[in-house]
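What follows is one structure encoded as structure tokens, with my remarks underneath.
The numbers here are math on the coordinates, done by the rules we state, and not lab data. These numbers were taken from a predicted model, which means no experiment stands behind them. Don't worry about glycine lacking a Cβ; one is built from the backbone with ideal geometry, like all the others, and counts go over all protein chains shown.
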Amino acid sequence: MNKQNLLSTHNLFTLRLLLSLLGAYLGHTYRHTSHDYWFVLMFLFTVIAIAPGYYQFKQHGDNLKEFIRQLLHWAGGLGAVIIVYAYHSSGRIYHEEAGLIVLLMLALTTYLDGIQTGWRCIFTGLFLGLIAICVAYFDSYIWQLVVISVAAITFSYQSNSKVANCH
């Protein structure tokens, strides 16, 4: 498997959804430490978002403007999350609130990136927002999120296959 297949939109979408589901589980099971996971996930999502643009820029030398746009977009999200984490570390906000705020910032950053990059990031941002609502208000939500993510991954795979069959 080459880097381009590994960095395909479907594979990255699947990875994002699986990491989000893990976060939903951790948010449900370990509410007091889930903020750490969402903080780390912001860094991972940043890498996941900019890796394809970086790879394309390294290979072809084009797409610099788009790569810089994505880099600045995700750097802004990271900066905001670092500020929230600093508030948490100083005791200004508590563990659970920090986790929800960071999760909402991750959801918004992902959603807004999707406006430029496609429906998969928009869906992931909405999915993360749904996770934030579920973590805050419901006791049982993991299996419903699994069903939604499996349906989305299946649809993404089918969409990917249709595009591949056209070429």
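Which three extents, in whole angstrom, do the alpha-carbon atoms of segment 71-143 cover along their principal axes, largest first?
In descending order, the Cα extents are 38, 35, 12 Å.
What FRET efficiency do you get for residue 155 and residue 72 if R0 is 35 Å and r is their Cβ-Cβ distance, rounded to the nearest 0.05? Can you show the working numbers first?
Details: r = 30 Å, r/R0 = 0.87.
About 0.70, to the nearest 0.05.
Once both labels are modelled 7 Å past Cα along the beta-carbon direction, what's the residue 139-residue 18 spacing in nm?
If labels sit at residue 139 and residue 18, their model points lie 3.2 nm apart.
Ignoring everything except DSSP H segments at least 4 long, calculate the 222 nm mean residue ellipticity for the chain; use -39,500 (n - 2.57) per segment, divide by total residues, nearest 500.
Numbers: 7 runs with 145 residues, N = 167.
Calculated mean residue ellipticity at 222 nm is -30000 deg cm²/dmol.
Take the alpha-carbon positions of the chain, form their convex hull, and give its projected area averaged over all directions (one quarter of the hull surface) in nm².
Values: hull surface 40.8 nm².
For the chain, the mean projected area of the Cα convex hull comes to 10.2 nm².
Nearest 10 degrees, 0 to 90: what angle lies between the long axis of helix 34-60 and the longest principal axis of the chain (Cα atoms)?
Roughly 20 degrees, rounded to the nearest 10.
Would you order 14, 154 from fewest to most other beta-carbon atoms within 10 Å of each residue's own beta-carbon? Display every interim value, and only then the final one.
Details: 14 17, 154 10.
With the sparsest Cβ surroundings first, the list reads 154, 14.
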